[in-house]
Amino acid sequence: MSEWNILLLPGDGIGVEVVEAAVQVLDAIGARYDQHFRFERRLIGGASLDAFGASLTDETLSDALEADAVLLGAVGGPKWEHPDASDRPERGLLRLRKGMEVFANLRPVKVYPSLRDASPLKPQKLEGVDFIVVRELTGGLYFGEPRRREIRNGQEYAVDTLEYYEFEIARVIQVAFELAQQRRRKVASVDKANVLESSRLWRKVALRLAQSYPDVTLEHVLVDTAAMKLISSPASFDVMVTENMFGDILTDEASVLAGSMGMLPSASLGVEFPKPHVRRRGLYEPVHGSAPDIAGKGIANPIGAILSAALMLRYSFGLEKEAQAIERAVERALEDGARTPDLGGALGTQQMTQAILERLQ
Ligand code: NAD
Ligand code: IPM
Ligand code: MN
């Protein structure tokens, strides 16, 4: 039996509800496959602001660095949204990502055949949609300096900076190439090289790296075109790699293909080569936010969080068989018609989780 220390950061809103669902699934997997998952819970985001006056404390960051893996729910909400607030829930999440140095955020987008009717797209467009977005997570506009607001010429003025060093681009594009080699061998590098200097550097680095992966086809797609192609020909993508902000926006768009924001998981890793079967630290979180509109109602879709737990087993613990067991149980529950309201059904979070637990083998 192996022991794994998992730090839970449920956060705010539905983050708390979906993380508890994922814990139930991990407990069931542990019992079935003789693995021992030990959980510690800490606050982050608005909950941490309320309790400690900081969206992420140094203690919690150091607990995250010591854990074998971190499972996070979501942060944020209207209570903490004042534009002049000095700390914000989202800042804690960004500090966590930066502090853990998890620069590669993997966001798989898969359309389950049984969910084709849950998407507003025509079912034939959704056939064969199975791609992964590799989003740069610790650079770009989210962290660039200068970033501030001040009064200039009697006006309120604000600046953010989009900056990248070559090494930051190279290491994340390398992850994309390595992943593509395990898949359909196609990388779409998404940029805005017709306008942005940082994108021209991005493209140059992608072209250089492509020489080391002659078996992988590289195409460059401008971000506006990529947004269009995600809807008009989503099945054409295999691995998409892009900078932080573009990746944030495009993955919310991509969630529509899967039927709901509540479906998408993510894995954030700090190493160049995401090989299965190698133990490494990672941060796992669903792509969705704290969903204040449905928080506390017990109707959040837990699948994004549950599939994030599966990615944790695969990428941080090397437990491939256990990861697949979770993914298959989710697929079977959906095939059998289990649906939360966001997917057009009436099951609550707990009932949906139960449906998945019953199908774990
Ligand atoms: P959101 O993702 O929280 O919600 C968008 C819409 O999708 C809402 O209608 C919501 O009800 C629905 N939705 C999201 N997840 C769902 C789920 N699991 N099941 C069913 N429906 C779901 O985005 P938002 O409303 O723009 O943001 C709310 C707050 O969340 C903001 O403070 C934002 O900063 C924060 N946020 C946090 C994260 C994160 O922690 N990783 C991600 C995105 C947004
Ligand atoms: C996400 C979220 C975060 C981001 C926010 C909450 C900081 O939207 O994980 O996609 O923009 O990265
Ligand atoms: Mn987002």
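The values are calculated or read from the model by the stated rules, or taken from the named source; none is laboratory data. Because the structure is a prediction, the values reported are computed rather than measured. Positions of Cβ are generated from backbone atoms using ideal geometry, with glycine treated the same way; all protein chains shown enter the neighbour counts. In case anyone asks, the SASA skips ligands and DNA or RNA and just uses the protein heavy atoms, side chains included. Shrake-Rupley method; radii C 1.70, N 1.55, O 1.52, S 1.80 Å.
Before rounding to the nearest 500, sum -39500 (n - 2.57) across all DSSP H runs of length at least 4 in the chain and divide by the residue total; then give [θ] at 222 nm in deg cm²/dmol.
That calculation yields -12500 deg cm²/dmol at 222 nm.
To the nearest 10 square angstrom, what accessible area does residue 321 show with a 1.4 Å probe?
Looks like 130 Å² after rounding.
If you bin the C-alpha pair distances of segment 101-152 every 5 Å from 0, what whole percents do you get?
4, 16, 16, 11, 11, 10, 12, 9, 6, 4, 2, 0
Quick one: of the DSSP bridges fully inside segment 120-257, what percent are antiparallel, nearest 5?
25
Before anything else, pin down the relative contact order of the chain: Cα pairs under 8 Å, at least 6 apart, normalised by residue count, whole percent.
After rounding, I find 21 percent.
Please list, in order along segment 289-303, the HN-Hα scalar couplings obtained from phi with the Karplus expression 6.51 cos²θ - 1.76 cosθ + 1.60 (θ = phi - 60°), rounded to whole Hz, x for Gly and Pro.
3J(HN,Hα) across segment 289-303, in whole Hz: x, 7, 6, x, 5, 10, 4, x, 8, x, 10, 5, 6, x, 5.
Using a Förster distance of 30 angstrom, determine the FRET efficiency expected from the C-beta separation of residue 328 and residue 200, and round it to 0.05.
0.10
Give the calculated FRET efficiency between residue 217 and residue 161 to the nearest 0.05, with a Förster radius of 41 Å applied to their Cβ-Cβ distance.
Efficiency at R0 = 41 Å is approximately 0.80.
Fully extended, how many nm does the chain gain between residue 233 and residue 84 (0.36 nm per residue separation, minus their Cα-Cα distance)?
Extra length available between residue 233 and residue 84 comes to 49.5 nm.
Suppose all protein chains stay in the model; what accessible area per residue would a 1.4 Å probe give for the chain, in Å²?
With the other protein chains kept in place, the chain gives 42 Å² per residue.
About the Cα centre, and with charges only on the beta carbon of Lys, Arg (+1) and Asp, Glu (-1), how big is the dipole of segment 120-257? Nearest 20 debye, please.
On the way: 18 positive and 21 negative charges, 62 e Å.
Taking the Cα centre of segment 120-257 as origin, the dipole is about 300 debye.
Net charge around residue 261, counting only other residues with Cβ within less than 11 Å of its Cβ (Lys, Arg = +1; Asp, Glu = -1)? The partial results should precede the final answer.
Working: positive: none; negative: 252, 253, 342.
Neighbour charge sum, excluding residue 261 itself: -3.
By the gyration tensor of its Cα atoms, with a ≥ b ≥ c the square roots of the eigenvalues, what is the shape of segment 245-361: rounded for a/c under 1.5, prolate for a/b over b/c, or oblate? Kindly include the intermediate steps, with their values, before the conclusion.
Working: a/c = 2.12, a/b = 1.28, b/c = 1.66.
Taking the square roots of the gyration eigenvalues as a ≥ b ≥ c, segment 245-361 is oblate.
Percent relative contact order of segment 196-336, based on C-alpha pairs within less than 8 angstrom and at least six residues apart?
19
When the Karplus curve 6.51 cos²θ - 1.76 cosθ + 1.60 is applied with θ = phi - 60°, which whole-Hz ³J(HN,Hα) does each residue of segment 235-246 get, with x for Gly and Pro?
6, 6, 8, 10, 10, 10, 10, 7, 6, 3, 5, 4
To the nearest 20 debye, what is the magnitude of the charge dipole of segment 53-114 about its Cα centre, counting +1 on the Cβ of each Lys and Arg and -1 on the Cβ of each Asp and Glu?
420
State whether the chain is rounded, prolate or oblate according to the following rule on the C-alpha gyration tensor (a ≥ b ≥ c being the square roots of its eigenvalues): a/c under 1.5 gives rounded; otherwise a/b larger than b/c gives prolate, and the remaining case gives oblate.
Note, shape of the chain comes out rounded.
Could you pull out every residue, at least 5 positions away or on a different chain, whose amide H is within less than 5 Å of the one on residue 87? Hs are placed 1.01 Å off N in the peptide plane, and Pro or chain starts have none.
For residue 87, no residues qualify.
Just to confirm a number: summing +1 for Lys and Arg and -1 for Asp and Glu over residues other than residue 185 whose beta-carbon lies under 15 angstrom from that of residue 185, what do you get?
Net charge in that neighbourhood comes out at -2.
For segment 287-361, calculate the relative contact order in percent as a whole number, restricting contacts to Cα pairs under 8 Å that are 6 or more residues apart.
Working: 75 pairs, mean separation 25.2, N = 75.
Once divided by the residue count of segment 287-361, the mean separation gives 34 percent.
Can you give me the Kirkwood hydrodynamic radius for segment 297-361, using every pair of distinct Cα atoms, in Å to one decimal?
Result for segment 297-361, one decimal place: 11.9 Å.
Where the eigenvalues come from the Cα gyration tensor of segment 122-184, what are the semi-axes √(5λ) of the equivalent ellipsoid, largest first, in whole Å?
Calculated on Cα positions only, the semi-axes equal 37, 19, 6 Å.
Accessible surface of residue 88 in the full protein assembly, 1.4 angstrom probe, to the nearest 10 Å²?
80
Under a Cβ-Cβ cut-off of 14 Å, what is the net charge of the residues other than residue 116 that fall near it, where Lys and Arg count +1 and Asp and Glu count -1? Write down the numbers at each step before the final one.
Values: positive: 110, 122, 125, 339; negative: 117, 127, 130, 331, 335.
Cβ neighbours under 14 Å give a net charge of -1.
Of all chymotrypsin sites (Phe, Trp or Tyr not before Pro) in segment 72-180, which ones are in loop regions per DSSP and have a Cβ with at most 12 other Cβ atoms within 10 Å? Write out the running numbers ahead of the final one.
On the way: sites: 80, 103, 131, 142, 143, 157, 164, 165, 167, 177; in loops: 103, 143, 164, 165.
Qualifying residues, ordered by number: 165.
Taking a ≥ b ≥ c as the square roots of the Cα gyration tensor eigenvalues, with a/c under 1.5 meaning rounded and otherwise prolate when a/b beats b/c, else oblate, which class fits segment 120-257? Walk me through the numbers on the way to the answer.
Values: a/c = 2.61, a/b = 1.46, b/c = 1.79.
Oblate.
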